[in-house]
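Single-structure report; data block below.
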Amino acid sequence: MDYRRYLKNYPDENGRFGEYGGVYLPQELIKPFEEITDAYNTICHSSQFISELRRIRKEFQGRPTPVYHCDRLSSKFDGVQIYLKREDLNHTGAHKLNHCMGEGLLAKFLGKKKIIAETGAGQHGVALATAAAYFGLECDIYMGSVDIAKQAPNVTRMKMLGANVIEVTKGLKTLKEAVDAAFEAYLNEYKDCIYCIGTAAGPHPFPMMVRDFQMVIGVEAREQFMAMTGEHPDIVAACVGGGSNSIGMFTPFLDDPVELVGVEPLGRGAGIGDHAASITYGTKGVLHGFESYLLQDEKGEALPVYSIASGLDYPAAGPEHAFLHDLGRVKYETVSDEEAVEAFFNLCRYEGIIPAVESSHALAYAMRVARERKKGSILVCLSGRGDKDVDFIAQNYGYGDNYIIK
């Protein structure tokens, strides 16, 4: 699969990745989304835009982020070597700023005064609030009350950056409801603002835009790993909720003889309402303006979902993930809360890195592989740092003594 040719072909002119994607919106939003599509198709070929984005990535975000070999953690296994792409070292502490700065540039190009978004774990909210401050834009962030309580440090950061954090109290009070509220607000304000979707989902052109902005992760990681080792990793793994960090990590490796693995949250188990593994347990459906694998009931309504990771508890995966799953190019596995917590504590103790609980799912899969195999290498996208999670983890799991591999 030639990934450059792949990028030209997918999505198609209708915003579809095979059977998935598209635009399912109220009539009054069709034109605003077409405006966004036309604007993006213009600026993505502009040397001025590309040069400005590269300058921002270097001087403001601190890119490139490094690839790091987990020597001490790897030594606890029989021969598999674990590497991390350190997106936790990207400014604001996660990969989200990669697309938020691009979306901020797009908002300025369109002459918008405000950016609107949803957030779960708060990392997208912090990144967008950062972009808003950088570009001089107003910023409204919708966040479920459950996530506000779990992710209090990120709520404080958003407010310090000047964002208006709007609490969502409907339904399960988590990410899906935050998206619902943000879409409703955008419906009323679209003339003066742009809705900056926080993952590789939503109506076209957002799955394409977010992928393109996030591909910097995989482009850097591929070159860095080859420079470090002289070969490709055997496996590249990343967590999947909506799927922004993972689609950015995977795409530049599509040509290579590398196993690509998306790791979904199994939560408490396979029962309804106990997980958010939409590709593993979902069926084709429509949510929030796009078609993909969806955890849904017989009426097509989204089912309740759960994950210890606020950034992963969403009932659908981005449409490109559904497409790559059906092609068989990316394999999707699940990791439970307990496995993610074990990975969280072991990275803390053996490498001095506190990971986001979202990222800990991908690391847990790497540790599972390391237990099963005798040799090889696995490159994990460490999509964010865990400052936001430490209070919640300590309150619910202590300080990890029972989870450490001896």
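State the Cα centre-to-centre distance between the stretch 177-204 and the stretch 132-171 in whole Å. That distance is 15 Å.
On a C-alpha basis, how far is the centre of the stretch 69-127 from the centre of the stretch 237-312 in Å? Whole number, if you could? Measuring centre to centre over Cα atoms gives 18 Å. Between ARG16 and GLY22, the built amide H atoms are under 5 Å apart, and every one of these is 5 or more places off in sequence or on another chain. For the stretch 111-188, just say rounded, prolate or oblate: build the C-alpha gyration tensor, square-root its eigenvalues into a ≥ b ≥ c, call rounded for a/c under 1.5, and beyond that prolate if a/b exceeds b/c, oblate if not. It is oblate, given that a/c is not under 1.5 and a/b is not larger than b/c. For the peptides 377-385, 4-12, 36-44, the ranking by mean Cβ contacts within 10 Å, running from highest to lowest, is 377-385, 36-44, 4-12. Dipole magnitude for the stretch 1-79: about 540 debye, using +1 per Lys or Arg Cβ and -1 per Asp or Glu Cβ, origin at the Cα centre.
Taking a ≥ b ≥ c as the square roots of the eigenvalues of the alpha-carbon gyration tensor, the chain is classed rounded because a/c is under 1.5.
Each helix, a run of at least 4 DSSP H residues, gives -39500 (n - 2.57); summed and divided by the residues of the chain, these come to -13500 deg cm²/dmol at 222 nm. Net charge in the neighbourhood of THR199 (other residues with Cβ under 13 Å of its Cβ; Lys, Arg +1, Asp, Glu -1) is -2. Using only side-chain charges placed at the Cβ, +1 for Lys and Arg and -1 for Asp and Glu, the dipole size of the stretch 320-406 relative to its Cα centre rounds to 580 debye. I'd like to know which of VAL23, ILE82, TYR3 lies farthest towards the positive end of the charge dipole of the stretch 1-82, counting +1 on Cβ of Lys and Arg and -1 on Cβ of Asp and Glu. The listed residue farthest towards the positive side: ILE82.
Measuring nothing but protein heavy atoms, the accessible surface of the chain at 1.4 Å probe radius is 48 percent carbon and sulfur. Counting only Cβ charges, +1 for Lys and Arg and -1 for Asp and Glu, the dipole size of the stretch 96-181 around its Cα centre is about 120 debye.
Global size of the stretch 219-291: 15.3, 45 Å for Rg and Dmax (C-alpha atoms, Rg to one decimal, Dmax whole).
Report the Rg/Rh value for the stretch 1-73, based on alpha-carbon coordinates and the Kirkwood definition of Rh. Before the final figure, lay out each step's value.
Details: Rg = 17.9 Å, Rh = 15.9 Å.
So for the stretch 1-73, dividing Rg by the Kirkwood Rh gives 1.13.
In order along the stretch 377-394, the phi-based Karplus estimate (6.51 cos²θ - 1.76 cosθ + 1.60, θ = phi - 60°) of 3J(HN,Hα) comes to 9, 9, 9, 10, 7, 7, 5, x, 8, x, 3, 5, 9, 5, 5, 4, 5, 4 Hz; Gly and Pro are listed as x.
Given axes a ≥ b ≥ c from the Cα gyration tensor, I'd like to know whether the stretch 272-329 is rounded (a/c under 1.5), prolate (a/b larger than b/c) or oblate.
Values: a/c = 1.74, a/b = 1.25, b/c = 1.39.
Judged from the Cα gyration tensor, the stretch 272-329 comes out oblate (a/c at least 1.5, b/c at or above a/b).
Packing order of peptides 128-140, 249-261, highest average first: 128-140, 249-261 (average count of other Cβ atoms within 10 Å over each peptide's residues). Ranking ILE279, VAL369, VAL305 by how far each Cα lies toward the positive end of the dipole of the stretch 264-406 (charges on Cβ) leaves VAL369 at the top. Ligands, DNA and RNA are left out, and with a 1.4 angstrom probe the accessible area of the stretch 243-331 is 30 Å² per residue. Ranked by solvent-accessible area (1.4 Å probe, protein heavy atoms only, all chains present), the residues THR199, THR119, THR156 order from largest to smallest as THR156, THR199, THR119.
Each Lys or Arg adds one and each Asp or Glu takes one away; over the other residues whose Cβ falls under 15 Å from the Cβ of ALA107, this sums to -3.
Considering Cα pairs under 8 angstrom that are at least six residues apart, work out the relative contact order of the stretch 348-406 and quote it in whole percent.
Details: 37 pairs, mean separation 25.2, N = 59.
It comes to 43 percent, rounded to a whole number.
Scaled against the 2.2 N^0.38 Å expected of a compact globular protein of N residues, the Cα radius of gyration of the stretch 322-406 reads 1.17.
Dipole orientation for the chain: of the candidates GLY198, SER292, MET158, MET158 has the Cα lying most toward the positive pole (charges on Cβ; Lys, Arg +1; Asp, Glu -1). If you take the alpha carbon atoms of the stretch 36-89 and fit the smallest convex hull around them, that volume is 128 Å³ per residue.
Near TYR332, the amide H atoms lying under 5 Å from its own belong to GLY262; only residues 5 or more places off or on other chains count, and H is placed 1.01 Å from N.
The values are calculated or read from the model by the stated rules, or taken from the named source; none is laboratory data. Source: prediction; values computed, not measured. Note that we place each Cβ from the backbone using ideal geometry, even for glycine, and neighbour counts take in every protein chain shown. For the accessible areas, the whole protein counts, side chains as well, though only heavy atoms, and no ligand, DNA or RNA atoms are used. Shrake-Rupley method; radii C 1.70, N 1.55, O 1.52, S 1.80 Å.
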